[in-house]
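Structure first, commentary second.
The values are calculated or read from the model by the stated rules, or taken from the named source; none is laboratory data. As the structure is a computational prediction, the values presented were derived from the model and not from experiment. Note: ideal-geometry Cβ built from the backbone for every residue, glycine included; neighbour counts use all protein chains shown. Ligands, DNA and RNA are stripped out before the accessible areas are found, and what is left, the full protein with its side chains, is counted by its heavy atoms. Shrake-Rupley method; radii C 1.70, N 1.55, O 1.52, S 1.80 Å.
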Amino acid sequence: MRRVFLGVFLLLFLIGSTAIAHPPREVVAEFDLESNVLSVDVTHTVGADPIHFIEKIIVSHNDKEIIVQQISKQLGDSQTFLYFIPEVEEGDEIEIEAVCSIFGDKSFKFTVEESE
């Protein structure tokens, strides 16, 4: 009987912990060819005392992982990250993945174009 109770308790705990955590809501990025700077905006609502946060940002250039940034604290519901990447050229593909510390991730992929 104890095993059944313990099993049910653990199952409810696991379900409850993933219910309060969620993947990032939005990832948006743009690359400035003039300055060679990638600007990444991540929206991940966590409230005043976050128990989960954006843990990692992964940047890939033409399907090759070039940046992995570990993050220890989320300062607000929206954060901006800037990366200097001198080797990017017009027509290249950039993908950004934002990973929640407990559950889920969100990606954004785009082709670099000359701004008008």
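Looking only at the range 41-49, decide whether some residue is surrounded by fewer than 12 Cβ atoms within 10 Å (Cβ to Cβ) and modelled with pLDDT of 95 or more. So far as the range 41-49 goes, no, none of its residues is surrounded by fewer than 12 Cβ atoms within 10 Å (Cβ to Cβ) and modelled with pLDDT of 95 or more.
Checking the structure you have, find out if any residue of the range 101-109 is more than 13 Å from the chain's Cα centre (by Cα) and either surrounded by 16 or more Cβ atoms within 10 Å (Cβ to Cβ) or part of a strand (DSSP E or B) (or both). Checked against the condition, which is being more than 13 Å from the chain's Cα centre (by Cα) and either surrounded by 16 or more Cβ atoms within 10 Å (Cβ to Cβ) or part of a strand (DSSP E or B) (or both), the range 101-109 yields no hits at all. Only one of the listed residues (55, 90, 116) is farther than 17 Å from residue 28 by Cβ and either of a type in the set (S, T, N, Q) or modelled with pLDDT of 95 or more (or both). That residue is 90. Pairs meeting the criteria (first residue in the range 67-90 and closer than 10 Å to residue 33 by Cα, second residue among the aromatic types (Phe, Trp, Tyr) and modelled with pLDDT of 95 or more, beta carbons under 8 Å, at least 6 apart or on different chains) are 85/31; 88/31. Would you check which residues across the range 67-94 are within 22 Å of residue 114 (Cβ to Cβ) and open to solvent by less than 60 Å² (accessible area, probe 1.4 Å) and list them? If the condition is that a residue be within 22 Å of residue 114 (Cβ to Cβ) and open to solvent by less than 60 Å² (accessible area, probe 1.4 Å), then 83, 85, 88, 91, 92, 94 are the ones that fit.
How about the range 94-116: which of its residues are over 15 Å from residue 40 (Cβ atoms) and out of contact with any Gly (no Cβ under 9 Å at 6 or more places or on another chain)? The answer is 100, 101, 102, 103, 104, 114, 115, 116.
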